[in-house]
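The values are calculated or read from the model by the stated rules, or taken from the named source; none is laboratory data. Model, not experiment: these values are computed from the prediction. Cβ sites come from the backbone with ideal geometry, for glycine too, and all protein chains shown count toward neighbours.
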Amino acid sequence: MNVCTRVSNYAARPARRVLAGDIGGTNLRLAVVERGAIEKSVRVPMKEFSSPQALAERSALEISRFGINDVAVGGIGFPCPIDEKSGEPLFSPPNLSFGFEGFIDALSRAAGMRIFGFNDARSAVMGEAMFGAGRERDVVIWHGIGTGYGFAIVDGEQEIFPRANEGGHFKVVNPILDRSAKECGCGARGCAEAYVSGTAMSEHYFQLTGNRLTGEEVGAAFLSKNEVAVKVVHQAMAYLAMNISTGHALTLNGLHVLGGGVAQIGQPLLDTLRIMLRSPGVVSWPRQNDLASKVVLSELGDDAGLLGAAVLAETRDFSFYNPVL
Ligand SMILES: [Zn+2]
């Protein structure tokens with residue numbers, strides 16, 4: 001296999017056990033990871049928590065249950081932007097009832113190790129670029145479709161715009177010209193996330209039927225050829241095609257990886273998206289670029305964020321990467 005220099009350089013370094021975490025809209029996951037392999041892991045429903053302190057205390061308890069004493073550093077992915085200096089999450093995500101103020105500091109103290117916070121799209125793209133579908137490609141773009149919609153880029157050994165990775169808020173509908181542009185959890189209107197995420201699919205399905213399904217359930221109905229679900233998923237993929245086209249314009253030759261809970265619909269979802277990407281007018285320089293063939297499904301699924309957070313934590317500790325800011 002022809003792995004890229006990012007992967008071979010990482011493999012040449014000494015192996016190190018790292019704590020990894022992933023905080024999603026539904027679950028908190030914590031794990032002990034070494035060189036892309038998960039040794040131990042635990043999953044706790046987010047609905048069990050009502051404050052960042054409660055989350056930090058339970059996380060520290062779960063870490064102590066791992067029984068590790070040779071782990072000095074950890075990385076946790078959050079569904080929101082991160083303050084680079086403090087490592088703390090900046091805004092509370094709209095789908096959680098509480099923010100994360102002081103969480104990293106509280107957990108670092110309770111767990112007795114240095115913990116770094118990362119945006120979860122940033123963690124996932126690094127996981128997939130290092131150990132998954134992107135390990136043979138220099139430029140990897142992550143599209144995580146779950147409760148929200150995340151977007152992040154790795155180019156060679158460099159993360160692109162690691163401070164934000166909020167391409168889910170690229171506009172796909174102009175809120176100035178189109179008053180019907182959908183509201184997004186970020187406070188703007190017309191963002192990709194408001195059309196592409198599992199939450200958006202759930203809302204669209206509810207508008208059409210009066211029945212409330214989760215994004216994953218809409219996906220299952222799509223697989224059963226439910227007519228409304230097919231319409232909902234087709235629309236979401238049409239908007240995702242616009243963001244993939246934007247990612248293409250930013251990178252020109254990147255591999256686009258689809259992950260997150262909704263992407264577990266699998267090949268039929270990818271086939272639908274590829275039809276959208278081959279529609280006239282979507283892709284710039286279409287003669288030179290069959291963009292549809294450069295979109296693939298995640299190989300790591302749920303684990304991409306955990307494995308990437310571990311790499312980011314240990315490499316940040318070693319100052320291995322030189323992020324483009
Ligand atoms: Zn937004």
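Considering only residues in segment 139-167 that are under 10 Å from the mean Cα position of the chain (by Cα) and small (Gly, Ala, Ser), the one that is farthest from Ser86 (Cα to Cα) turns out to be Gly146. Picking from residues in segment 151-168 that are crowded, with 19+ Cβ neighbours inside 10 Å and not in a strand (DSSP E or B), the one that is nearest to the ligand (Cβ to nearest atom) is Gly168. The one condition from (1) more than 16 Å from the ligand (Cβ to nearest atom); (2) modelled with pLDDT of 95 or more; (3) crowded, with 21+ Cβ neighbours inside 10 Å that Val196 does not meet is (1). Looking across segment 199-236, just one residue is surrounded by fewer than 20 Cβ atoms within 10 Å (Cβ to Cβ) and within 15 Å of the ligand (Cβ to nearest atom), and that is Glu203. Answer yes or no as to whether Gly190 is more than 16 Å from the ligand (Cβ to nearest atom) and outside the structural domain of Pro79 (by TED's automatic domain parsing). The answer is no for Gly190. Residues that are among the basic types (Lys, Arg) and part of a helix (DSSP H, G or I) are absent from segment 276-293 altogether.
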